[in-house]
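Heads up, the thing below is written out as structure tokens.
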Amino acid sequence: MDTLEIEITMTPIPMDTLEIEIVTTAMPVPNTMESPNTSSIPMTPLQSEFSGSSSSNNETENTTPSLYTEDGTVDFRGNPAVRATTGGKKTTAILLVNYALMNLAFGGVAVDLENAEAANNISKWTGTVYIFALFGAFLSDSYVGRYITCIVFQVIYLVGLVMLSLSSLLFLVVPSQCGDGVGLRPCRPPSRLGIAMFYVSTYTAAFGVGGYQPSVATFGADQFDESDATERRSKLAFFSHFYLALNVGSLFSNSFLAFYEDKGMWIRGFWVSTVAVALGLVVFLLGTPYYRHFKPTGNPVTRMVQVFTAAFHKRHIQMPPGEDLHEVEDEDSGIRKLLHRDQLRCPDKAAIVTEEDYHAGNTKNPWRLCTVTQVEEVKCILGMMPIWICTIEYSVEFTQMASTFVEQGTAMDTNLFGRFRVPAASMSVFDISSVLLSVLAYRFVVAPAASRFTRNPDGITDLQRMGSGLVIALLGMLAAAVVEINRRRRVVAVDQPSPMSVLWQAPQYALIGASEVFMYIGQLDFFSGQMPDGLKCFGSSLCMASISLGNFASMLAVSAVTSVTARRNRRGWITKNLNYGHLELFFLLLVGLSSSCLTS
């Protein structure tokens, strides 16, 4: 009987696509058969899928979506996720409401301190929040998955806010409605127990919200299957909506809750934040039947350390010709395989196969032999480090809104129309409003116009978007310096605020808000999209870690500038009374640092 030999070669490439090369060699066909009967040849499910998705003439492609998602996601029961009933816009809408409520509470936690000390303490607390994001990302990627991580850290966040509300009621805000504001009674000095409860509760809340944020960002992106064209387009817009939800929550906290705090109603503000977190947790749980889940992929830190260890032990071995490197097929790993790249060849030695790489019984030693996918994960991280370091400098400028901008506003005329007083911290409403308008303007005006020239459906690349954010933030610092120069010129008495209206700060807040749309949304999309499957949540946490390190860098910058410029009995740039200082020089220093980052 004549045979038909079929050789199928499959090469995995990123984004769940397969290149299939089919080479057929037909033996002579007997006269009784006019052509091979291909229907009689058994086909594997993979072959069946591809043969069913192509037309007979190979000119048309079947775009009908399959019943299940094709990215490996599962539902809450562990079954393959059904495309029609899970994920998509309906689940991300739930997550966006949840995220807005969580950030309403986050914006409601504020500390009323003085000038440089306030700048440092605010930066320290915010920096701690975002450094905890790395721990949350580690748990999410490694062991428990995004869903469980989100729930656990939301509960911790809620516990921290309950503790903060109770400690304020019992130990700190005594008598009620006291504070340092105009017309308020001074509070009694808190006891050691009260101070301890305050710090324990605030940093418990910081641990909760910090661990939650990168997980929910990645979990939202998980709800879209990139193999489907419609869902892929929706995923491009998700991070814009995500940042929009953040600012909607912050808008409420920076207006209504700031008003409560300015009137000495701290306890009421804390309880509003607590209720918001409780509602957000309930909203999150309501979406449980509809979420899509990726399986945890194991400890990414261990995988990376194994690569460096194996490469070090094989540092004297010559690279083999071609692509003769180690890779395995593990369908249950939850990680799509990555192709080998020629960049950064040194880690490639970890995937060279030698006789010493196996234990007795022919079992692989993971500390001597790694897969190509492991090596490429390490290359991804190393390649993104220079970009990530540059984003830290931007976060230093962003942090000024919660510190030096507030100090500047306090030294200005905060009365509107002669009788309405605006808290200096409430000027961040202009930042939030700018974010809301800029998100819409970018999506419906800038991106469509830019895509005509770049052929990029998102307008410009993520790196170009981040660079644009740096430029706009630089302009915001210049605007702040100009305002400070004019504020000091109009000072009548050095012990009184400048008669210059606080509304002159609106442009600098608006410019920083517009820069956020470019920088932070670009960061989330870039770091999450460029990371391999096993490090998606870690990619989101890098964005938040840059905010954290930016806050700590701002703290160091304020302390260093204050120390250096106040030598030899000079007053320095940042003083308790800004009328004696030169805050504009500090803003210009940040302009110079931002310019150096752009040129590099």
Original post:
Taking the stretch 442-501 on its own, how many of its residues are under 20 Å from the mean Cα position of the chain (by Cα), farther than 20 Å from Phe587 by Cα and of a type in the set (Ser, Thr, Tyr)?
Top reply: 2
Original post:
Can you spot a residue in the stretch 551-573 that is buried (at least 24 other Cβ atoms within 10 Å of the Cβ) and within 30 Å of Ile460 (Cβ to Cβ)?
Top reply: yes
Subject >> Single unsatisfied condition, Asp222 versus (1) of a type in the set (D, E, K, R); (2) within 23 Å of Ala84 (Cα to Cα); (3) more than 19 Å from the chain's Cα centre (by Cα) >> reply: (3)
**OP:** Return the total of residues in the stretch 265-321 being of a type outside the set (Phe, Trp, Tyr) and outside any helix (DSSP H, G or I).
**Re:** 17
Original post:
Looking at (1) surrounded by fewer than 17 Cβ atoms within 10 Å (Cβ to Cβ); (2) under 30 Å from Lys89 (Cα atoms); (3) at pLDDT below 90, which is the one condition that is false for Val155?
Top reply: (3)
Subject >> One residue from Thr230, Thr288, Thr297 being at pLDDT 85 or above and of a type in the set (S, T, N, Q) >> reply: Thr288
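If you take the residues in the stretch 215-239 that are in a loop (DSSP other than H, G, I, E, B) and touching a Gly at 6+ places or on another chain (Cβ under 9 Å), which one is nearest to Ala93 (Cα to Cα)?
Here is the first cut: in the stretch 215-239, the residues in a loop (DSSP other than H, G, I, E, B) are 223-228.
With the extra rule that they be touching a Gly at 6+ places or on another chain (Cβ under 9 Å), the set shrinks to 223-225.
Numbers: Gln223: 11, Phe224: 13, Asp225: 16 Å.
Restricting to residues being in a loop (DSSP other than H, G, I, E, B) and touching a Gly at 6+ places or on another chain (Cβ under 9 Å), the top hit is Gln223.
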Original post:
Does any residue of the stretch 447-454 turn out to be among the aromatic types (Phe, Trp, Tyr), buried (at least 17 other Cβ atoms within 10 Å of the Cβ) and either closer than 25 Å to Phe238 by Cα or at pLDDT below 85 (or both)?
Top reply: no
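The values are calculated or read from the model by the stated rules, or taken from the named source; none is laboratory data. Keep in mind that this is a model prediction, so the values were computed, not measured. Counting neighbours? That spans all protein chains shown, and the Cβs are built from the backbone with ideal geometry, glycine included.
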